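Enquirer: Right, I'll just put the structure down here and ask away after.
The values are calculated or read from the model by the stated rules, or taken from the named source; none is laboratory data. Computed from a predicted model, the values in this text were never measured in an experiment. With ideal geometry, Cβ positions are generated from the backbone for all residues, glycine too; neighbour counts draw on all protein chains shown.
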Amino acid sequence: MTSQNDQLAREHHPEAIRERLSRSNKPSLISDAVLGGIDGCVTTFAIVSGTVGAGFSATVALVLGLANLIADGFSMAVSNYEAIRSQQEQTESLRQSEEEQIDKIPEGEIEEVRQIFERKGFAGEVLEQIVDTITCNRRLWVETMLVEEHGVLEDNLNPYHSAVTTFAAFVSVGAVPLAPFIFPALGMETQFTISACLAGVMFFLIGATKSMIYAKPIVRSGLKTLLTGGAAAGLAFVLGYVLREVFNISGA
C-alpha cells in the first residue's frame, strides 16, 4: 500500500501533472477491438451451433460461417463508422450554433455561463471572475457551452481507424471457431467440440484482456464474457435443433 501511495504521489507532483496534461490525448481503439472481437466470435460460433443443431454438414457450417464473417464484419465496421461520423457532425452542428449565438446575442450567452457556474455553487466576485475568464477566450467559451449546456465531450476518434479496427477484430477472432471445419477428416462431432473449445478460449481471453487494460478482476471478466458468448451459441444450437424437428429438415 505504501509503494502504491508513493507512486500516486509521484504521479501528482506538479511537474508530472504539467507533463501529463501537456500531452495530447490519443484516441483509444480498445472498445472497437473488444466489440468487434466479441461480436465476431458470437456471430460465427452461433452460426456453427445453429448449423450443427439443425443437422447440416460441416461444409454448410463453413460456408455460412465465412459468408457471415465477411458480410457481418463489413456491416459492423460501416455501422461503427457512421455512428462516429454522426456524433462528430452533431457536435460540429452544435459548435456552429454556439458560435452564431455568441456573435448575435453575446450578453445572453454570458448570462448562460453565469447561471451554469452559479448552479455549481459559485457566487459574487469569484463567479464574475470565472465568467470573465471564460468569455474572454472564444474557444474556451464555446467548449464550455458544448460541455455544460449540451453534455458533449470532444473526442479524437477517427471513424476510419475505428471501422478498420472493428472489421479486423471481427474477422480475426470470428474466424477461430471456423478453423476446425477446414479439416473434414476430423468428423462433425470432433469439429464442433474443438470449435466450441476455441470459441470459449477466445471469449475468455477477450474478457480477460479487457479487464487487464482497465484494471478489473481478470477471471471474473473473462468468465462473464465467456458466459455471454456461450449463451448466444446455446440459443442458436437449440433453435437450430427445434427448427430441424419442426420442419423435418434432413442434414446434407
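Enquirer: Six or more apart or on different chains, Cβ under 8 Å: which pairs go from a residue in the stretch 222-242 that's on the phi < 0 side of the Ramachandran plot to one that's crowded, with 19+ Cβ neighbours inside 10 Å and not in a helix (DSSP H, G or I)? Could you list them?
Expert: Gly240/Ala54; Tyr241/Ala54
Enquirer: Does Ile194 satisfy the condition of being among the β-branched types (Val, Ile, Thr), at pLDDT 85 or above and closer than 17 Å to Ala58 by Cα? Walk me through how you get there before you give the answer.
Expert: Numbers: among the β-branched types (Val, Ile, Thr): yes; at pLDDT 85 or above: yes; closer than 17 Å to Ala58 by Cα: yes.
Yes; evaluated as a whole, the condition is true for this residue.
Enquirer: Got at least one residue in the stretch 116-124 being assigned to a helix (DSSP H, G or I) and in contact (Cβ under 8 Å) with a residue 12 or more places away in the chain?
Expert: To start, the set of residues in the stretch 116-124 that are assigned to a helix (DSSP H, G or I) comprises 116-119, 124.
Of the ones still in play, those that are also in contact (Cβ under 8 Å) with a residue 12 or more places away in the chain are 116-117.
Looking for residues that are assigned to a helix (DSSP H, G or I) and in contact (Cβ under 8 Å) with a residue 12 or more places away in the chain, one finds at least one in the stretch 116-124, hence yes.
Enquirer: Continuing with the same structure: Within the set of pairs 6+ apart or on separate chains, which have a first residue in the stretch 83-98 that is within 22 Å of Ser31 (Cβ to Cβ), a second that is small (Gly, Ala, Ser), and C-beta atoms under 7 Å apart?
Expert: Pairs that qualify, where the first residue is within 22 Å of Ser31 (Cβ to Cβ) and the partner is small (Gly, Ala, Ser), are Ile84/Ser162.
Enquirer: Can I ask one more? Within the stretch 201-239, track down each residue that is over 18 Å from Val176 (Cβ atoms) and among the charged types (D, E, K, R).
Expert: Listed by number, the residues that qualify are Lys216, Arg220, Lys224.
Enquirer: When only residues in the stretch 105-163 that are basic (Lys, Arg) and in contact with a helix residue (DSSP H, G or I) (Cβ under 8 Å, 6 or more places away or on another chain) count, which is surrounded by the most Cβ atoms within 10 Å (Cβ to Cβ)? Quick ask: steps written out before the conclusion?
Expert: Our first condition is that a residue be basic (Lys, Arg); within the stretch 105-163, this holds for 114, 119-120, 138-139.
Applying the additional criterion that residues be in contact with a helix residue (DSSP H, G or I) (Cβ under 8 Å, 6 or more places away or on another chain) yields 114, 138.
Working: Arg114: 17, Arg138: 12.
Only one residue fits best here, namely Arg114.
Enquirer: Please determine, by comparing only the residues of the stretch 49-73 that are at pLDDT below 85 and of a type outside the set (Ser, Thr, Tyr), which one is nearest to the chain's Cα centre (by Cα).
Expert: The qualifying residue nearest to the chain's Cα centre (by Cα) is Gly50.
Enquirer: When you go through (1) in a helix (DSSP H, G or I); (2) touching a helix residue (DSSP H, G or I) at 6+ places or on another chain (Cβ under 9 Å); (3) not acidic (Asp, Glu) one by one for Ser93, which number turns out not to apply?
Expert: Among (1) in a helix (DSSP H, G or I); (2) touching a helix residue (DSSP H, G or I) at 6+ places or on another chain (Cβ under 9 Å); (3) not acidic (Asp, Glu), Ser93 violates only (2).
Enquirer: Scan the stretch 185-199 and report the pairs whose first residue is over 14 Å from Ile47 (Cα atoms) and whose second residue is surrounded by 18 or more Cβ atoms within 10 Å (Cβ to Cβ) and among the charged types (D, E, K, R), with Cβ atoms within less than 7 Å and a gap of 6+ or a chain change.
Expert: Matching pairs, first to second residue: none at all.
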